[in-house]
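What follows is a short report on a single structure.
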Amino acid sequence: MGIENNTVSAKSQVAEYDVVRIIDKGASLNVLFVGNSITRHAPQADIGWDYDWGMAASSEETDYVHVTVKLLEEKYGKINFCTACCGDWERNYWDDDIIERWRKARDFNADIIVIRIGENIWGQRHLFNEKPLYSHYDKMIKYFRSKENAKVVVTDLFWEDGGINKTVYKCVEENGYNLVKIGDIGEKDENKAIGKFWHSGVAIHPNDEGMRKIAERIADKILEK
């Protein structure tokens, strides 16, 4: 089941006041995760999602953000981390002013930025000719890169979509970012929460195994020399 089965709306995945969440441990290293429901989704009763972490993970500790943080802390010790929930940016990617909603994440001044976003742009694909994606995707990443020397790690899509991934790959190549491919993880049902949630859109999100694999690839890329 692919991207067309993602029927979880990108609208208001978290409350407006809570689109940026910072966990400050008093550390010297800041890591920012820019994402959508795979990064974090607040409870939503009408789709059977009762939790406030990466959608379809069984616990906060097993979503990809927290697994990545744990893996990085094994190397660096404590780190501060921030999640920026940008589903509404995906729905309005051409509106370059909307990104100001996440200024708190920009002001977090991350040393490492993980861009794990893009699936919900598929719903706006009919606008690609009129409003080409590349320049807006590029501006979004550069907005969050408030430190010039910050390391940027970009994943492609969990649910494969060549049109959007072409933009991802071009942006990574032209800016010298670090690419993490995860589409092959999303191709396998064993990495999804199918059968664990009645709502099919929730159920095709990554389960604990899928989250772990995503986290390991991101952490490995960050830790590369």
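Has segment 102-111 got any residue that is of a type in the set (D, E, K, R), out of contact with any helix residue (DSSP H, G or I) (no Cβ under 8 Å at 6 or more places or on another chain), at pLDDT 95 or above and assigned to a helix (DSSP H, G or I)? For segment 102-111, residues of a type in the set (D, E, K, R), out of contact with any helix residue (DSSP H, G or I) (no Cβ under 8 Å at 6 or more places or on another chain), at pLDDT 95 or above and assigned to a helix (DSSP H, G or I): present. Every condition in (1) touching a His at 6+ places or on another chain (Cβ under 9 Å); (2) part of a loop (DSSP other than H, G, I, E, B); (3) farther than 21 Å from PHE128 by Cα holds for TRP198 except the one numbered (1).
When the residues of segment 117-138 are filtered to those that are assigned to a helix (DSSP H, G or I) and over 16 Å from the mean Cα position of the chain (by Cα), which remaining residue is surrounded by the most Cβ atoms within 10 Å (Cβ to Cβ)? Out of the qualifying residues, it is HIS136. Just one of the listed residues (ASN191, ASN178) is in contact with a strand residue (DSSP E or B) (Cβ under 8 Å, 6 or more places away or on another chain), at negative phi and without any contact (Cβ under 8 Å) to a residue 40 or more places away in the chain, namely ASN191. Considered as a group, the residues in segment 143-161 that are outside any strand (DSSP E or B) and closer than 20 Å to ASN120 by Cα include one that is most open to solvent (accessible area, probe 1.4 Å), and that residue is GLU160.
Within segment 162-186, restricting attention to residues that are hydrophobic (A, V, I, L, M, F, W, C) and either in contact with a Leu (Cβ under 7 Å, 6 or more places away or on another chain) or surrounded by fewer than 14 Cβ atoms within 10 Å (Cβ to Cβ) (or both), the residue that is modelled with the lowest pLDDT is ILE164.
The residues of segment 201-211 that are in a helix (DSSP H, G or I) and either open to solvent by 80 Å² or more (accessible area, probe 1.4 Å) or of a type in the set (A, V, I, L, M, F, W, C) (or both), listed by number, are VAL202, ALA203, MET211. Count of segment 24-75 residues, restricted to those that are more than 30 Å from SER200 (Cβ to Cβ), over 11 Å from the mean Cα position of the chain (by Cα) and surrounded by 15 or more Cβ atoms within 10 Å (Cβ to Cβ), is 7.
The values are calculated or read from the model by the stated rules, or taken from the named source; none is laboratory data. As the structure is a computational prediction, the values presented were derived from the model and not from experiment. No Cβ is skipped: glycine too gets one built from the backbone with ideal geometry, and neighbour counts run over all protein chains shown. Quick note on the areas: whole protein, heavy atoms, side chains included, nothing else; ligands and nucleic acids left out. Shrake-Rupley method; radii C 1.70, N 1.55, O 1.52, S 1.80 Å.
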